[in-house]
Amino acid sequence: MIKIFNRWETEGIKVEDVGLKRYINLRPVIVPKTSGRNIKVQFAKTKKPIVERLITRLMVPGHKSKKHRISSGHCCGKATNAYKIVEKAFMIIEQKTKANPLQVFVTAIENGAPREEINTIEYGGARYPQAVEMSPVRRIDFSLRIMTQGAYQKAFKSKRKIEETLADEIMLAYNLDQKSSAISKKLELERQADSAR
């Protein structure tokens with residue numbers, strides 16, 4: 001029986017959100033690293049294990065708004081560093097919740113994925129915000145990005161390690177706590193989309 005990180009089973013993990021079911025890949029692999037094998041194939045990232053997508057996102061978390069501010073010294077693109085961070089974060093989650101950390105992580109992604117966002121439409125020289133539905137792939141990407149950015153922001157210039165802040169961020173999103181960056185950003189986006197409808 002293959003386990004992720006040779007520790008946790010993927011069998012029995014449920015994706016409750018029907019829209020995201022096809023796009024969260026829970027295929028068991030010991031080392032979640034495909035080295036960008038299918039990078040030129042459209043939607044190839046949906047075939048990558050969801051844990052690998054988190055590792056990749058940790059290596060390149062992106063910038064918040066357009067400030068390009070440095071979020072952490074850990075963003076060096078080293079796959080082994082990100083691999084160890086995720087493994088340690090999952091161990092912390094397992095200790096604190098006494099549950100399979102993969103199930104906690106998958107539920108956290110579902111909870112942090114917004115259903116709508118706003119797009120700007122130009123009509124007659126004036127610009128209007130318009131509510132649009134998010135695609136499932138974008139929903140997962142958005143959730144992962146905000147989670148990792150929130151974890152890095154809490155670890156930056158603080159005594160807390162990135163493993164602890166990432167584990168905290170995942171657990172807060174799992175519990176639908178508004179202290180989670182992903183949950184607060186999701187609620188803000190959906191509120192804006194609601195008013196732009």
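The values are calculated or read from the model by the stated rules, or taken from the named source; none is laboratory data. Predicted model, so just to flag it, every value in this text is computed and none were measured. Don't worry about glycine lacking a Cβ; one is built from the backbone with ideal geometry, like all the others, and counts go over all protein chains shown.
Take the conditions (1) within 24 Å of residue 178 (Cβ to Cβ); (2) not in a loop (DSSP other than H, G, I, E, B); residue 157 misses just one of them, which is (2). Residue selection: residue 121 satisfies the criterion of being surrounded by fewer than 21 Cβ atoms within 10 Å (Cβ to Cβ), touching a Phe, Trp or Tyr at 6+ places or on another chain (Cβ under 7 Å) and not polar (S, T, N, Q).
Assess whether residue 107 counts as being among the hydroxyl-bearing types (Ser, Thr, Tyr), loosely packed, with under 15 Cβ neighbours inside 10 Å and closer than 26 Å to residue 194 by Cα. Taking the combined requirement at face value, the residue does not satisfy it. Of the residues making up the range 104-127, those that are over 17 Å from residue 188 (Cβ atoms), touching a Ser or Thr at 6+ places or on another chain (Cβ under 9 Å) and touching a residue at least 12 places away in the same chain (Cβ under 8 Å) number 4. Every condition in (1) under 15 Å from residue 57 (Cβ atoms); (2) buried (at least 23 other Cβ atoms within 10 Å of the Cβ) is met by residue 142 except one, and the failing one is (2). Applying a threshold of 6 Å to beta carbon distances and a minimum spacing of six or more residues, or different chains, the list of pairs starting in the range 129-151 at a residue that is without any contact (Cβ under 8 Å) to a residue 24 or more places away in the chain and ending at one that is assigned to a strand (DSSP E or B) reads 133/116; 134/117.
One residue stands out among those in the range 101-131 that are among the hydrophobic types (A, V, I, L, M, F, W, C) and over 22 Å from the mean Cα position of the chain (by Cα): the one that is nearest to residue 174 (Cα to Cα), which is 131. Going through (1) of a type outside the set (Ser, Thr, Tyr); (2) buried (at least 20 other Cβ atoms within 10 Å of the Cβ); (3) out of contact with any Asp or Glu (no Cβ under 9 Å at 6 or more places or on another chain) one by one, residue 137 falls short only on (2).
Within the group 24, 13, 55, 50, which residue is surrounded by 13 or more Cβ atoms within 10 Å (Cβ to Cβ), under 18 Å from residue 152 (Cα atoms) and modelled with pLDDT of 85 or more? Lay out the reasoning, then the answer.
Numbers: 24 fails: under 18 Å from residue 152 (Cα atoms); 13 fails: under 18 Å from residue 152 (Cα atoms); 50 fails: under 18 Å from residue 152 (Cα atoms).
Only one candidate passes the filter, namely 55.
Which residue is nearest to residue 162 (Cα to Cα), if the candidates are limited to the range 70-116 and must be aliphatic (A, V, I, L, M) and at pLDDT below 90? Among them, the one singled out is 82. In the range 6-19, the residues that are under 11 Å from residue 103 (Cβ atoms) reach residues that are charged (D, E, K, R) with C-beta atoms within less than 8 angstrom, at least six apart or across chains, in these pairs: 8/94; 9/3; 10/3; 10/27; 15/21; 15/110; 16/110. Residue 186 meets all of the listed conditions (1) part of a helix (DSSP H, G or I); (2) surrounded by fewer than 14 Cβ atoms within 10 Å (Cβ to Cβ); (3) touching a Pro at 6+ places or on another chain (Cβ under 7 Å) but one, namely (2). Can you spot a residue in the range 106-125 that is of a type in the set (Ser, Thr, Tyr), in contact with a strand residue (DSSP E or B) (Cβ under 8 Å, 6 or more places away or on another chain) and not in a loop (DSSP other than H, G, I, E, B)? Yes, because at least one residue in the range 106-125 is of a type in the set (Ser, Thr, Tyr), in contact with a strand residue (DSSP E or B) (Cβ under 8 Å, 6 or more places away or on another chain) and not in a loop (DSSP other than H, G, I, E, B).
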